[in-house]
Amino acid sequence: MLLTPDIVPAVTSTGATARVAANVAPRFRVGDQILVNNIHPTTHTRLPAYLRGKRGVIERDHGVFAYPEHHAHHLPEKPQHCYAVRFTARELWGSAVNSRDTLVADLFDDYMELR
């Protein structure tokens, strides 16, 4: 479905989701250490540049969703798991930040590899 301004109120009021009912095996498990792929696509991506090439730990598997890169370009769904991944602030921004600070980002299977 293409989200246009005229249907936004109806879609958001009904709790629209990109979750799909597909039987897809997860690539990662809670506790897995991952490396975010250092990609630079010329098209749409939901992968923040500041996470590319960084190491994190899988904290939670949110389930299976339509892959946003495909959805944005009207390609087949390519359902895959989305995970909450914790990064240390030092991994992201260096030693000048508090060693106890962390950031959690939701990332799709295709954004990561096991490290």
Q: Could you grab the pairs with beta carbons closer than 9 Å, sequence gap of 6+ or different chains, first residue in segment 65-81 and basic (Lys, Arg), second one in a loop (DSSP other than H, G, I, E, B)?
A: LYS78/ALA66; LYS78/TYR67
Q | Conditions (1) crowded, with 16+ Cβ neighbours inside 10 Å; (2) more than 18 Å from the chain's Cα centre (by Cα); number of the one not met by ALA10 | A | (1)
Q) Of everything in segment 73-115 that's of a type in the set (A, V, I, L, M, F, W, C) and over 18 Å from VAL57 (Cβ atoms), which residue is farthest from the chain's Cα centre (by Cα)? A) ALA96
Q) Can you tell me which residues in segment 32-52 are more than 16 Å from ARG115 (Cβ to Cβ) and either among the basic types (Lys, Arg) or touching a Pro at 6+ places or on another chain (Cβ under 6 Å) (or both)? A) ARG46
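Taken together, the values in this text are just the output of simple stated rules run on the coordinates, not laboratory data. All values derive from a computational prediction rather than experimental measurement. Note: ideal-geometry Cβ built from the backbone for every residue, glycine included; neighbour counts use all protein chains shown.
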